[in-house]
1. Just to confirm a number: summing +1 for Lys and Arg and -1 for Asp and Glu over residues other than PHE199 whose beta-carbon lies under 10 angstrom from that of PHE199, what do you get?
2. Rank by packing, highest mean first: peptides 277-287, 318-328, with packing defined as the count of other Cβ atoms within 10 Å averaged across residues.
3. So who's got an amide H within less than 5 Å of the one on ILE405, skipping anything under 5 residues away but keeping other chains? H placed 1.01 Å off N, in plane.
4. Please arrange THR171, THR337 by how many other C-beta atoms lie within 10 Å of their C-beta, fewest to most.
5. Taking the Cα centroid of segment 175-252 and of segment 99-123, what is the distance between the two, rounded to the nearest whole Å?
Amino acid sequence: MPALQQQTVDAFNIASRQWNSAASQSSTLLSTGGWAERVDPLQQRNWTSHSGAATAIPDSTSVELSAMNGNLQLGGDRSNHSATPPANWTVMVYMAGDSLEEFGIQDFLEMSAIGSSSNVNVVVQFDRTAGYADTHGDWTDTRRGVVQAGDTPDLNWGSSLGEVNMGDASTLYNFVDWGMANYQAENYAVIMWGHGDGFNVSYDDTTGDSISAIELNTVLGAASEEIDLVGTDACLMSSLDFTDAIRDNASVFVGSQELEPGTGWNYTPILQDLNRLPTMTAAQLGADIVYHYGEYYNSPGGNDPYTEETLSAIDLSALRDSNSNSLVDALNLFQITAAFTATTYDTFALASYEDVYSNEFGAGNTPEYYDIGNFYTSIADDEYISSSIRAAAEGVLDAYDDAIISNYSSVPGRSTGLSIDG
């Protein structure tokens, strides 16, 4: 049965945003299809693909933390902060560049093509290192600042923090705290940028450290304001392991079930839309990010032949214990039902479906991630499986429908939103 568990894998891919290391105590996208959006989640579970041009989204203190035994301890003083007038959104991008430095510069320039405004603050913490890109001052420390239109990531931008460990949760917390204190807004987004492996993200290549889902959740919970959207511009992060860990401290998650190309998200149209409609909800912003991702990789020259791009926006409230139709509860009920009622054929069929769908993502270098929608649809549609197990699978799919806000899969039907490991 699929289980919520952490895996450790050996693999490293600079061309994509994947890092898996046996040395890290921890655990990436799909190729020529179209924009896919789930239709009527309360009535059906089909994801329909279509191509087309972009459409408008509808209107609708300095604190330090230390990580000890997985717990972060607060300290410091939150007084004497100056802040700009509140905007609609502050987007905080935590860029663990290092081996992805070239793509970090590209994404920074995509952001500065629009920049910040009175309605939208864009703030970045960018870590670079020696041995990769040598443009824009070839600095090798970590810099932090607000991104204005026309900015370039050179020595004149932002302020130097010296060399910091981007894989340390205290570093992330200090960035989020600084962003909230100095660029106040009605809504906040935190984008974790860099290498990912399904449970850990934003690897620091110098230290080999990363931000785990548990650490991220602690940082989100300790923030002075609610985080509305968490994004991972990284490989493999749209996993149940990761989203379940942060479900109580953010509203919407955006991430990929598959390997991401190094180019990652296309920030220019996203920020353009957000500035045009700064009253977007977190769900609308999540859907907009997914839309432009599909638009970019489905365009001539955008597709990466080595990856099959995916991106999803997830309603994290659909995973919470407080939700009467919780996806996590439905999955647990399925496991219990299968454990106590499975016949010999049921056991054989479930194992066969696991074999069919396992290792579906990540080019064979990851845990055996497979798509929740496809796996449980196969079970629910198998008329030879016991009715109790099929009904439990239907329960999973009903809850899953509620969780998926939007989904892009360049191979139609291969990815429906969230992965689980076997």
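1. Taking every other residue near PHE199 into account, the sum is -3.
2. Working: 277-287: 20.7, 318-328: 17.0.
Taking the mean over residues of other Cβ atoms within 10 Å, the ranking is 277-287, 318-328.
3. For ILE405, whose amide H was placed from the backbone, the distant partners under 5 Å are ALA313, ILE314, ASP315.
4. Details: THR171 25, THR337 19.
The most exposed by this proxy come first: THR337, THR171.
5. So the two Cα centres are separated by 18 Å.
Any read-out appearing in this document is the output of simple, stated calculations on the displayed coordinates, not a laboratory observation. Source: prediction; values computed, not measured. Using ideal geometry, Cβ is built from the backbone for each residue, glycine included, and neighbour counts are taken over all protein chains shown.
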